[in-house]
Every structure is written in C-alpha cells, then in structure tokens.
Amino acid sequence: MEKNYHVCTGCSLLCDDIEVEAEKNKINKVHTACRIGVAHMKAGKEEAIFRVDNKPVDEATAISEAAAILKNAKNPMIFGLGASTNEAQKTAIELAKKINATLDDTSSFCLGSLVEALISEKIKTCTLDDVRNKADVIIFWGTDPSDSHPRHLSKYSYFPRGSEKQRGWEEERTAIAIDVRKSHTAKICGNYFFQIPPKGDAEFTDALIAGLSGKLPKTSYNYPPKKILELANILKGAKFGVIFVGRGLIYSLENLEPLFRLMKALNEKANFHLMPMVGNYNTMGFNENLFAETGYVNSVKFENGTVLHGPDYSIVEALKERTVDAALIVGSDPFSILPRSIVKNLLEIPVISIDPYETLTSRNSKVYINTAISGVEAGGSATRMDGKKVSFEPAIETNHPSDETILKKIMEAL
Amino acid sequence: MDFGSFLATPEIKVKVITYRDIFQDKAMIENRFGEEYRNLSAVIKLDPVDLKQLNVKKGDTVILKNSFGRIVVKVDESGYETPHRGVAYMPKSPWSNMLVSDETGGTGIPKFKDISVTITSAKGEKITEIEF
C-alpha cells in the first residue's frame, strides 16, 4: 500500500516523512515527527474566528475593516510571513508594493545578514542532503538544534548513514559544538564541546584562524591554546565540513567579517560550507522571494515603484522611531518575540493580525483573522533552510481561510 | 563578597543569556496562555552559589529588575557542571523580553542574549502576567 506522507511545517527542516491519523478532520496521531512537530500537526482548531475590536464578526467585515486600516494609513507596515507559504509571501510583497508599505520579517533581528551573504554567494553553502551523504566534520556554533530543529542531527547532520558515510557517527563523523552553555547538542558532542564566554566568539574565531596556520592561538580569556590547536587540526582534515550557525554566534559578532575570514582560512586548508539555522519554516522563502523582487532579504520600504532599504525599515527601528502608523502582521507574534521596551509602541497604532494561533498580538489587534495552518490545513510551497523547494498538500480539511486567500481578499478590497 | 550580601534582602547582579527549549516550544504551540508554557518560560536558572547568596531555594520566586522592566519568575538551578556565578539562563519568551534593552545602535537588532538585571527574593510574590 502506498503511504501518504505529509510535510511538517513546524520548523525550517520541513520534514517530508510525516504520517498522520485523522478523524473528523482532527489529527489525533502523528508518526515520525519530533515533539514540536507533533504539537504543530495536532494544532488545528475547529471554528474559524474573525474579530474586530475583540468582537466576533463575519469574514467580509474583518476584511473590509483591515482594508480600511491600510487605506487610511500613510506609512503602513507588513511584518511576519516566516510561517507563510511562498505563494502567500509573494502576495504580501504585491500588497506592500500597492500600498507603499514597509515590509520586514523576523530575519532582520535574527539571521538575515547571514542569509543575505549566502544568497549573494559570499559564503559557500550546501544542502542538507549533501550534509547527510558527505559531511565528516560538523560544527554547531551558537545553535542548539536538539531543541530548535529536533530532527536535524538524526535526519541530516550527525546520526544518519549517508551514501558516502555508511559507517556513520561512530567512525566517520565528528560533531563539534561551540557555545556559551552546555546545550543538549553540546552534550551529544561530548569532548568536542568548546565552551567560550559570552561575546567571546570573534576572538575564538581569530584564535582558530591562527591555529589553522600553525600559530599560537591566543584569547583574552585564556582559552587553552592546546584545545584550539586540536580543533584546528580536526578542521584541517575535513573532506566535507559544515558550520551550522545560530543566533548565539550572530548576536555576539559586531559584523560578519570574522566568519568570512574563518571560512576563507578553512577553505584554504579544507572544504567547508556554512548554513544558517533559520527558525520559521519559510523564513528562507521570504528572504529569497523578497531578494528576487528587490535585491534585499528584509527591511524594505516600497515607495511609488522604488525600493528603500536599511535598518530604518526593520520592525525594531520602525517601532522605536514610530515611523509606521498601521501594521499588518502575518503569522507572527511581535508582542511576544520583541523587547517590550520597543513593541509597546505597537499598541499606539491599529494592528491587523492574520494568524492560525491566538497570540498576544491577536489579542492586541484591531482586526484578527484566524487562518489555516499551512502544511496542516492548507497547501502550498516553501523553501527549506538549505534552499530546497518543498511542496505540500493539506493533511486535513478546514473551514479556515489560508493567509494567502485573506491577503488576496484584502488586496481586492483596496 | 558583594555589598548586596549585607542588605536585609540580598541582591545580586547577573547577565542573563536566553536560549530555546523544546519542551517550552511545544507548550507554546499548544497554548501560549497556558500554565505549562508559563511554568517553562517564567524561570531563571542560576549557579547554586548565587541561589545561596540570594537566600532562595529552587522553586521560589525572585524579582528580576533593570531599567527596562521588572518581572517575577521562578528560580531554578542550572544543572551545569561548570560554575557560572553571575551568569544566568532564561528560555526566550515574553518574560525575558520584558527585560531586553531598547538600545540597538540603529542596527534593528536588540540585545536578546545580553541582559543585565539585579535579582532579589520576591518573597512569595506571584509570577508576572504577560498580558498588556
């Protein structure tokens, strides 16, 4: 019997081997997925919800109110879309152009700078399938996939027996963690865990570069040079190395130069790739789609056919400087994920929240439209963290509209 | 010994590093206003020596305060073998975000993993609600 596999949109791994058991359009069993994936696949709700000023309304009223907010705004912002399909993202970009909006996603305060470097081909990358089949040295730097991308190590980066790595992790792979704390991933890496002090990453990078050239690696925090030289020797011998980079590393660096220097030094001695550990299931898609349209991965403002770009158009600076006067938030919860010292300014402007989940943002919005969970209740396509395109069908039927449908209706209402 | 140790209610300064936790993420998907998510989020993990200095024990509530916010969360031992006095850990959540600075230097990137706070015993005060 042919099995019907689903795609989990719980994180940017987009695992495509998920089986579910459903009854009356409610998923009650999920096989193969991780803890996050199981909760995600089961999260479908029964009734669609539309609210204006926290009172229930019908869909048409919610759409028309949302359109009125955007029409009356002089400087609207569209934010989110990391948990939306490529199709919804492209619709949102069209909408942003139409209303001269500022457009941004979470990557502006996460890993966007690194994703931009990758898309612009400033750093060598690879696919997760390459990692599974070929990687012999794997570094997790400032990231803990055991918690954030739970099947990363078992499906791709460490435990599988890839086509060229049949002897697996026991003999043919070395996993290394560099972090400020002994994360669950660091525990798996055992003796190859390198604990550095907060903000110590740039110095560690330069010490490692010195070690790669046989020089004495020095740090102001006196990291044992012998350990850095041992690490450098492992990296030098890599036939297919990969560094998975998380926010722990990126937040610690002033800019990406230390990473560029390290990748250059590593590729003079060995063969190294880099991959950012983007979080939301389709952040990579948003960055790619916006880059294709504007040449930038986030933080843009459309203005009568031209595109402005820079941190001023990021959600954080836009809210700090109070430059936007209405916000359309799609599949994101800025009231939870941003510093309260900044996001409190969002309370001063009308907010439209389009989200499958009840969140702090939905509760503080003028208009709330409860949409289908893509991958569970709606189909579409997305881009995996390594750039691979993945399409999916809904696992169950729902009466909830998709965010793509809602965005199109808002656009029509304008 | 810090001056704070001589005060009637001991107070210490720590740097808070935030991180992700799979159990907390799963609880958030199920209900971000629920008890499980709050229990797994509104918590700070300290070095055992810092707990002792604060005169609090695992499960007590503490006040975390800086110029950006004041919250009450539960305190726990980190369980890390390596001593880390003065460095504390919190799962990233609306609670940790109540303490994050609005200073970004115009970069658009807040210092989510670099938070300085003072801690004191909350003497039984309840955990802060996240609603506005």
Quiz prompt | segment A:326-402 versus segment B:59-132: alpha-carbon centroid distance in Å | solution = 26 Å
Self-check item: Interface burial for A against B (accessible surface, 1.4 Å probe, total of both chains, Å², rounded to 100)
Solution: 3600 Å²
Exercise. Can you tell me the FRET efficiency between A:D325 and A:D53 if r is taken as the Cβ-Cβ distance and R0 is 25 Å, rounded to the nearest 0.05?
Key: 0.90
Quiz item: Which residues of segment B:20-58 bury at least 30 Å² of accessible area once all protein chains are present, versus their chain alone (1.4 Å probe)?
Solution: B:R20, B:I22, B:F23, B:K26, B:I29, B:R32, B:F33
Practice problem: Treating each Cα of segment A:1-145 as an identical point scatterer and ignoring solvent, apply the Debye formula and state log10 I(q)/I(0) at q = 0.17 Å⁻¹. | Solution: -1.26
Quiz item: Using only Cα atoms, what is the ratio of the radius of gyration of chain A to 2.2 N^0.38 Å?
Solution: 1.03
Quiz item: Which ³J(HN,Hα) values in Hz, rounded to whole numbers, follow from the phi angles of segment B:13-27 under the Karplus curve 6.51 cos²θ - 1.76 cosθ + 1.60, where θ = phi - 60° and Gly and Pro get x?
Solution: 9, 9, 9, 9, 10, 9, 8, 9, 9, 5, 5, 5, 4, 5, 5
Self-check item: List of segment A:7-47 residues, accessible area with partners at least 20 Å² below that of the chain alone (1.4 Å probe)
Solution: A:R35, A:I36, A:A39
Quiz item: Which sequence of A:E21, A:E288 reflects their accessible areas, 1.4 Å probe, from the largest down?
Solution: A:E21, A:E288
Quiz item: What trypsin sites (Lys or Arg not before Pro) in segment A:1-93 are in a loop by DSSP, with at most 15 other Cβ atoms within 10 Å of the Cβ?
Solution: A:K3, A:K24, A:K74
Practice problem: Just the number, please: Stokes-Einstein D of segment A:214-363 in µm²/s, Kirkwood Rh from C-alpha pairs, 20 °C, 1.002 mPa s. | Solution: 112 µm²/s
Quiz item: With every protein chain present, what is the per residue accessible area of segment B:3-121 (1.4 Å probe, Å²)?
Solution: 45 Å²
Self-check item: Amide H within-cut-off set for A:A378, under 5 Å, with H built and near neighbours excluded
Solution: A:I373, A:A395
Practice problem: Set Lys and Arg Cβ to +1 and Asp and Glu Cβ to -1, take the dipole of the protein assembly as shown about its Cα centre, and tell me which of A:N191, B:I29, A:T361 lies farthest positive. | Solution: A:N191
Quiz item: Tell me, what is the per residue accessible area of chain A in Å², probe radius 1.4 Å?
Solution: 39 Å²
Quiz item: Considering protein heavy atoms only and a 1.4 Å probe radius, which residues within segment B:63-98 exhibit an accessible-area decrease of no less than 30 Å² in the full assembly relative to the chain by itself?
Solution: B:Y80, B:Y89, B:K92, B:P94, B:N97, B:M98
Practice problem: Calculate the length of the line joining the C-alpha centroid of segment A:232-268 to that of segment A:273-324, in whole Å. | Solution: 25 Å
Exercise. Do me a favour and compute the ellipsoid semi-axes for segment A:133-237 from its Cα gyration tensor, root of five times each eigenvalue, largest one first, whole Å.
Key: 25, 17, 9
Quiz item: Which of the lysines could a cross-linker span from A:K301 if the Cα-Cα distance has to be under 21 Å and same-chain partners fewer than 8 positions apart are dropped?
Solution: A:K71, A:K74, A:K90, A:K97, A:K98, A:K320, A:K408
Exercise. Give me the percent of the accessible area of the protein assembly as shown that comes from carbon and sulfur atoms, probe 1.4 Å, all protein chains in place.
Key: 48 percent
Self-check item: Rel. contact order, % - alpha carbon contacts under 8 angstrom, at least six apart, segment A:112-276
Solution: 28 percent
Quiz item: Using mean Cβ contacts within 10 Å as the protection proxy, how do A:213-224, B:104-115, A:350-361 order, highest first?
Solution: A:350-361, B:104-115, A:213-224
Practice problem: Compute the Kirkwood hydrodynamic radius of chain B, taking the inverse of the mean of 1/r over all pairs of distinct Cα atoms, and give it in Å to one decimal. | Solution: 15.1 Å
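The values are calculated or read from the model by the stated rules, or taken from the named source; none is laboratory data. Because the structure is a prediction, the values reported are computed rather than measured. Heads up, the Cβs are rebuilt from the backbone with ideal geometry, glycines too, and the neighbour counts pull from every protein chain shown. The area values use the complete protein model at the heavy-atom level, side chains included, leaving out ligands, DNA and RNA. Shrake-Rupley method; radii C 1.70, N 1.55, O 1.52, S 1.80 Å.
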